[in-house]
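S.K.: Below you will find the structure I want to go over with you.
The values are calculated or read from the model by the stated rules, or taken from the named source; none is laboratory data. Every value quoted in this text rests on a predicted model; they were computed, and no experiment measured them. Here the Cβ is made from the backbone with ideal geometry for all residues, glycine too, and neighbour counts use every protein chain on show.
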């Protein structure tokens with residue numbers, strides 16, 4: 001009989017500091033990383049743009065990592081995020097459409113699986129957001145000759161599968 005596995009150790013807590021830099025600008029630091037947020041976004045991204053960068057970046061890093069671990073030749077990848085917001089305060093995100101464009105000899109089913117794993121299991125940013133946000137993903141694989149094979153958005157989810 002094998003012994004039960006102990007749960008994995010949680011990652012260290014997220015610690016960051018913001019310092020007011022005048023107007024509606026804030027300089028943020030977390031470890032060695034820095035960012036300047038601004039509203040309206042002139043000197044840096046707004047807080048909501050930063051949230052979008054976080055979501056798109058988290059999923060893109062997951063997808064790239066999963067494909068690379070699968071020994072697939074990812075030559076390039078771009079992520080394009082569009083999000084709808086409420087008109088009234090708090091003007092939160094209510095719908096997100098995230099499209100990946102990849103280049104390399106990668107089977108579409110492997111990209112679909114990588115996106116699915118990121119969305120359902122790995123992307124901590126996505127799992128930290130309000131559960132009623134409509135979230136669609138899609139992708140296309142672009143050949144080196146300029147042709148593309150688009151893949152339609154996934155069916156509307158019931159939020160988290």
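S.K.: In region 100-125, which residue that is under 17 Å from residue 143 (Cα atoms) and without any contact (Cβ under 8 Å) to a residue 40 or more places away in the chain is surrounded by the most Cβ atoms within 10 Å (Cβ to Cβ)?
M.R.: Within region 100-125, the subset under 17 Å from residue 143 (Cα atoms) is 100-111.
This time we only want the ones that are without any contact (Cβ under 8 Å) to a residue 40 or more places away in the chain, so: 104-107, 109.
Working: 104: 16, 105: 11, 106: 19, 107: 11, 109: 9.
My answer is 106.
S.K.: Continuing with this model, one more query. Of all residues in region 19-56, which are in contact with a helix residue (DSSP H, G or I) (Cβ under 8 Å, 6 or more places away or on another chain) and loosely packed, with under 15 Cβ neighbours inside 10 Å?
M.R.: 41
S.K.: Among the strands (runs of 3 or more DSSP E) lying completely within region 44-152, list those that include at least 1 residues that are under 30 Å from residue 18 (Cα atoms) and touching a strand residue (DSSP E or B) at 6+ places or on another chain (Cβ under 6 Å).
M.R.: 76-85, 93-103, 134-142
S.K.: Only one of these is within 23 Å of residue 144 (Cβ to Cβ) and in the same structural domain as residue 141 (by TED's automatic domain parsing): 111, 96, 125. Name it.
M.R.: Numbers: 96 fails: within 23 Å of residue 144 (Cβ to Cβ); 125 fails: within 23 Å of residue 144 (Cβ to Cβ).
After applying the criteria, what remains is 111.
S.K.: Working only within region 18-38, note down all residues that are out of contact with any strand residue (DSSP E or B) (no Cβ under 8 Å at 6 or more places or on another chain) and either modelled with pLDDT under 95 or part of a strand (DSSP E or B) (or both).
M.R.: Correct list: 33 only.
S.K.: Okay, moving on. So, in region 126-142, how many residues would count as being surrounded by fewer than 17 Cβ atoms within 10 Å (Cβ to Cβ) and in contact with a helix residue (DSSP H, G or I) (Cβ under 8 Å, 6 or more places away or on another chain)?
M.R.: 0
S.K.: If you don't mind, there's one more thing I want to ask. What number goes with the only condition from (1) part of a strand (DSSP E or B); (2) free of Cβ contacts under 8 Å to residues at least 12 places away in the same chain that residue 6 does not pass?
M.R.: If we test residue 6 against (1) part of a strand (DSSP E or B); (2) free of Cβ contacts under 8 Å to residues at least 12 places away in the same chain, just (1) comes out false.
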